[in-house]
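Working notes, beginning with the structure itself.
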Amino acid sequence: MVEVAPNLTVIDLTIRGLAPGTYWATVRQTGDISKGAISTGAVWKEPVEGVSKARGVFGTVQVGKDGVGSVFLDRPIKIWEMIGRGMIVSRQHDGEGAFDRNDENTLVGVIARSAGVWDNDKTVCSCSGKTLWEERKDEVKKGML
């Protein structure tokens, strides 16, 4: 997610490893992922003048037979409004309500702030002194995507 204007965020959503089909991307009321999708609450609906539908309904992404889907979405939202909320990508389309079940083709996460690309120079392990990006390179060499 990148906020490209004062009230416009672009979402570059790429997913891998899911069954083919249409998946809905939504931001939820809470960031409680302790019980998967069912603990994140309903779709984020915080009212804003001139916006008639729930703000947390982002759109859909099509996953092909290869298990990969990719889409660019944009929403009239500031990133800071979403920090700490849950995001779900699922074939289950629950309208604007809460999920009643979890399944293996539902992705759940919490939206968090990040540094710009390659700008996070924090060390992962004080014993090795490696940065996050150095650690990632090592894992990619081991076969991690």
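Quick notes
- Selection of segment 11-23 for residues being touching a Phe, Trp or Tyr at 6+ places or on another chain (Cβ under 8 Å) and buried (at least 16 other Cβ atoms within 10 Å of the Cβ) yields Ile11, Leu13, Ile15.
- Positions within segment 38-56 being modelled with pLDDT of 90 or more and in contact with a strand residue (DSSP E or B) (Cβ under 6 Å, 6 or more places away or on another chain), in sequence order: Thr40, Gly41, Val43, Trp44, Gly56
- The set of residues in segment 3-58 being polar (S, T, N, Q) and assigned to a loop (DSSP other than H, G, I, E, B) consists of Asn7, Gln29, Thr30, Ser39, Thr40, Ser52.
The values are calculated or read from the model by the stated rules, or taken from the named source; none is laboratory data. Given the structure is predicted, the values throughout are model-derived calculations rather than measurements. For neighbour counting, all protein chains shown are included, and Cβ atoms are generated from backbone atoms with ideal geometry for every residue, glycine included.
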